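Reading through the structure tokens given below for one structure.
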Amino acid sequence: MIMNEWLKSRLVCPRDKEKLEIKDEKLVCPKNHVYPIVEGIPIMLVDEAETTHGYIARTLEKVSALETERREPETSPKRINEVDEFVQSEIPYTSGILYIPLRNKLTRYPIPEFRLPQGNGERLLDVGCNWGRWSIAAAQKGYQPIGIDPSLDAVLAARRVSRQLGVEADFVVGDARFLPFATDSFDVVFSYGVFQHFSKANVKISLDEIVRVLKKNGKTLFQMPNKYGVRSSYQQWRRGFTEGEGFEVRYWTPAELMKTFEEKFGETVMTSDCYFGLGIQKADVDLLPLPYKMVVHSSDILRKISRKIAPMVKVADSVYLESVNEK
């Protein structure tokens, strides 16, 4: 498959940021780092780095097997009203515990509301895109998204779903700590439900990479968990107020978040995302059982009130950090 020309021109080696050439259907840098291309998807993982998720190991194993067997993974198209099997299976892991009853029962794709102004063709990087719900939401609002995720299965699903829905989006397999894009490539960088699972050290490494690939005065919008949220406090109590390990959620205080994002980007505004949990999306309320509908509506009411009563942001379970890259 043919790779998007803009993407091809902006890809660099994630290790040393050197330009890449295509040789024998692989991307190669001058220092001879080699990255496979699977079904037109560049696989830009750094295999010697610390693994932050099992997706990375599974992707590397799958790519190795595909190269050995010299075959491509199946990416059969779906009918417009048929929900992709990967999304059906993965939905509780990408969207949160409210979606557990929906596993393998989705009647439509849960595409969320994208809380950025209407776009006008801006290049947007969606970090940790998984099956592409936010990339699709961004495209529908006028942006040109590139989704990146360490899971090949997720990225292939993202491409299938975007094509099924008639949305233009491109995808890369990669790691937020080693972004394979040239400096000043993007107008906007977005991430939801991703950095909450990183250690705080890895979040800061990833933000440094985002500063590099984001244009001066470019915008960022990131969702993060608030340590002082009601549900967040309960979850911390359940695990003994430990910092978290593996893919567990790391909770940040509002002061920590503001300090970190202002140091990295500059001017930052924190607003409420949701209350009583993480990942609550009003756009999906029709899909949920009645008790969960009540949670969604209650969260949305509190979010709207927080616009007028600013201190309420500090007890939201999930917050947005919106920054302007001052570099």
* Residue in region 1-33 that is farthest from Lys215 (Cα to Cα), counting only those that are among the acidic types (Asp, Glu) and assigned to a loop (DSSP other than H, G, I, E, B) -> Asp24
* Would you tally the residues in region 168-220 being part of a strand (DSSP E or B) and at negative phi? => 19
* Asked: Quick one: how many residues across region 61-104 are among the hydrophobic types (A, V, I, L, M, F, W, C), at pLDDT below 95 and exposed (fewer than 15 other Cβ atoms within 10 Å of the Cβ)?
  -> 3
* **Neighbours by Cβ (under 7 Å, 6+ apart or cross-chain): first from region 84-105, at positive phi; second of a type in the set (Gly, Ala, Ser)** => Gly96/Gly277; Gly96/Gly279; Asn104/Ser89
* Identify, from the list Val249, Val296, the residue that is touching a Cys at 6+ places or on another chain (Cβ under 9 Å), closer than 23 Å to Thr94 by Cβ and among the hydrophobic types (A, V, I, L, M, F, W, C). => Val296
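The values are calculated or read from the model by the stated rules, or taken from the named source; none is laboratory data. Computed from a prediction, not measured in an experiment: that's the story for all the values here. Glycine gets a Cβ as well: all are built from the backbone with ideal geometry, and neighbour counts include every protein chain shown.
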